[in-house]
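Contents: one structure, followed by commentary.
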Amino acid sequence: MSSRVRGHNASRGHGVLPVARELTEQTFRHPDIPAVRRVAAVFGTRAGMGTAQLSDFVQAVSEAAACTVAQGPCTARMRLWTMGSRVFCEMSGDGMLWADRPLAGRRGDEERLRRWLLPRLCDHASVESGPQGVTVLLSMKVG
């Protein structure tokens, strides 16, 4: 697992979200999901989230991470950033959602549950899957 954090001045001249105040990037695999949750908790706290909102954010990030590595082994990438009063999370992995596979059975039910849960935890949630892998985008207004 590797990670990179950039502050609000780091994006100047580097072409990385010039309006983002902070950017955290991390690559991970399925066994790294607890570390992903810890990174999300620290990031959300620094962004000013209260206890209940932070709990929802960490759960949403954890579920998004699980979506991107559901068809393992694969490597996924998490990006967390803030813009204005919003926190964003983008997860992308080279796996395929179980729900998109024929005869997926119970695993497909888990993915459908994640797709149902994520929009209830966040202001915005989208899950896309295709031949290139899975991408999950989440956002929450802080406050």
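The values are calculated or read from the model by the stated rules, or taken from the named source; none is laboratory data. Keep in mind the model is a prediction, meaning the values are calculated, not measured. Here Cβ is always computed from backbone atoms with ideal geometry, including for glycine, and neighbour counts include all displayed protein chains.
See the values below:
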{"quantity": "Scan of segment 58-76 for residues that are under 13 Å from G133 (Cβ atoms) and modelled with pLDDT of 95 or more, ordered by number", "calculated": "none"}
{"quantity": "Residue pairs meeting the criteria (Cβ under 6 Å; at least 6 apart or on separate chains; first free of Cβ contacts under 8 Å to residues at least 60 places away in the same chain and in a helix (DSSP H, G or I), in segment 46-64; second among the charged types (D, E, K, R) and surrounded by 18 or more Cβ atoms within 10 Å (Cβ to Cβ))", "calculated": "E63/R114"}
{"quantity": "Selected residue (criterion: surrounded by the most Cβ atoms within 10 Å (Cβ to Cβ)) from residues of segment 65-77 that are part of a helix (DSSP H, G or I) and touching a residue at least 40 places away in the same chain (Cβ under 8 Å)", "calculated": "T68"}
